[in-house]
Amino acid sequence: MMRRLILALALGGSALAGCSMEPKYVRPDLPVPPSWPVGDAYLRQSEAALPAITYRDVFRDRRLQTLIDQALANNRDLRIAAANIAAARAQYRIQRADLFPAIDASGRYSYSGGGDGARSTASSGSTGNTGTGNTGTGTGTGGTGTGTGTSTGTVTTTSGSSNSAFSAQVGTTAFELDLFGRIRSLSRAALDRYFATEAAARATRLTLVGDIATAWLTYAADRSLLKIAQDTATSAQKSVRLTRARLDGGISPRTDLRQAEQILETANADLAAQTTLVAQDVNALQLLVGAPIDATLLPASIDEAQATIATLPAGLDSGVLLRRPDVVQAEYELRAYNAEIGAARAALFPRISLTGLVGFASTALSSLFSGGAFNYSVAPSVSYPIFQAGAGRANVRYTEAQRDAALATYEKTIQTAFQETADALARQGTLAAQLRAQTNFQIAAADTLRLVNARYQGGIDTFLSSLDAQRSLYTAQRTLVATALVGATNRVTLYRVIGGDSSLEATPQGPQPVTPGGAPRRD
């Protein structure tokens, strides 16, 4: 009978818990224009929806894909993110456990006897979420013995100079009936923060993929610059030998030799600097990957590498920003604070708790579980905050202020995402023209050097003209490499700012289903 009573009270409390003090959550309107900017700096964009993509669709070089796969398995930042997810999941299950009663079990045996001196023994044990055993004391004098115990339902009898008692109990202590949804609101807040942590892990993954692609392209650019420095140093070395021979023959002045040496030493200095940068690029890639990398996975030049990075269409609808992991994370945080408002409001109302014990007590172990040994107790309680000096209502205002701050953070996150995407699109719209102009400039500089050298060797122009032409070509080559790197990294940036892999998209869409074990899941 007692078990039915406890079960009925628990189920009744769960049924009444349908009441919730949470404000109804409505996703805020986008605080940005519905379309991307248009004008001279922007390419004409297709209005088609963003296609389903993965990083393999954007980064098509198998060597880069291999490095990304290795990083996803070894990178320490991702391991930290995975640990944070596990912690948030456990925190949610801890909070959700408050919706159910904690069942404790305890058992106790005591014995006391007398003689010339006093002697007593007692043992107890408990199992369950929490449990305590009661203590017992016994004294004996001569042939008379007495015993007392604080354990509920414990029976103690005296037979001659000794007595013994057995008891076993199962019950729940201070189980709160969630009549106003306080515990459910806290549980929902913990669930939303778990999902926010998942989104943060996806943001970490997206950043890692983009960083590896950028580092890989940077290595390729530095390899190209290293090759330019090597070729320039070789050419300058030949020019120095030729000028020295002309000086020895009395044809050229010493100033020509010194100017040629300036070109040579400039190239040598750049050669040393680029050698350092290439080594540092490898170190950066190894840190991102989390393990030593195979040299065969590295590109030889920026021309080779940039051709393997695909252009990602963005579409005109700025609603695509809602798929960005940082935006998803900000919205789940907003939902969590919204749920905490409900918990703070519910705390203003009475709390009803239930304590119930059922057990058996007997003087003999063989009759411990007989019908006559059964006993029970129920102790419901109600607590209501009468005077808190305004703390309860201040707590409600505090959670509302936190919700307002989270809303502003969510809106700013979207605005930042819009600005980043618009900047990337603006850069993409002008890069082709810039790269084309820089390529033509390099071709012209190379042809100029060829013509000036011919005129110098024919005695028409001075060596200073040849020196200027060499410097111009060297600068044009380096600038072209830098422009190619900007073009390739712009495509990486566009991949990142619109949210990366569409397969990772997960935006808040209302209450999430929960598994029977209490863990959240996604259908």
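The values are calculated or read from the model by the stated rules, or taken from the named source; none is laboratory data. Values in this document were obtained by computation on a predicted structure and should not be read as measured data. For neighbour counting, all protein chains shown are included, and Cβ atoms are generated from backbone atoms with ideal geometry for every residue, glycine included. In case anyone asks, the SASA skips ligands and DNA or RNA and just uses the protein heavy atoms, side chains included. Shrake-Rupley method; radii C 1.70, N 1.55, O 1.52, S 1.80 Å.
Which FRET efficiency, nearest 0.05, do residue 397 and residue 98 yield, Cβ-Cβ r, R0 25 Å?
E between residue 397 and residue 98, to the nearest 0.05, is 0.55.
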On a straight-distance basis, which lysines could pair with residue 238 in a cross-link, Cα separation under 18 angstrom, same-chain partners fewer than 8 positions away excluded? 227
Cross-link partners of residue 412 among lysines (Cα-Cα below 24 Å; sequence separation of 8 or more within a chain): 24
Tensor-based shape of region 280-345 (alpha-carbon gyration tensor, a/c under 1.5 rounded, otherwise prolate or oblate): oblate
Note on region 260-309: alpha-carbon gyration tensor, axes a ≥ b ≥ c; rule is a/c under 1.5 for rounded, else prolate if a/b larger than b/c, else oblate; result oblate
Per residue, how large is the accessible surface of region 234-312? Use a 1.4 angstrom probe and give square angstrom. 53 Å²
With all protein chains in place and a 1.4 Å probe, residue 382 shows an accessible area in Å² (nearest 10) of 110 Å²
Between residue 238 and residue 439, take the C-beta separation as r, use R0 = 35 Å, and let me know the FRET efficiency to the nearest 0.05. 0.85
Just to verify a number: what accessible area does residue 93 come out at with the full protein assembly present, 1.4 Å probe, Å² rounded to tens? 110 Å²
Along the Cα→Cβ direction, 7 angstrom out, place labels at residue 404 and residue 227. What is the inter-label distance in nm? 6.0 nm
With a Förster distance of 45 angstrom and the Cβ-Cβ distance between residue 276 and residue 24, calculated FRET efficiency to the nearest 0.05 equals 0.15
Within region 460-503, list the residues whose amide N lies under 18 Å from a label point set 7 Å along Cα→Cβ of residue 251. 460-467
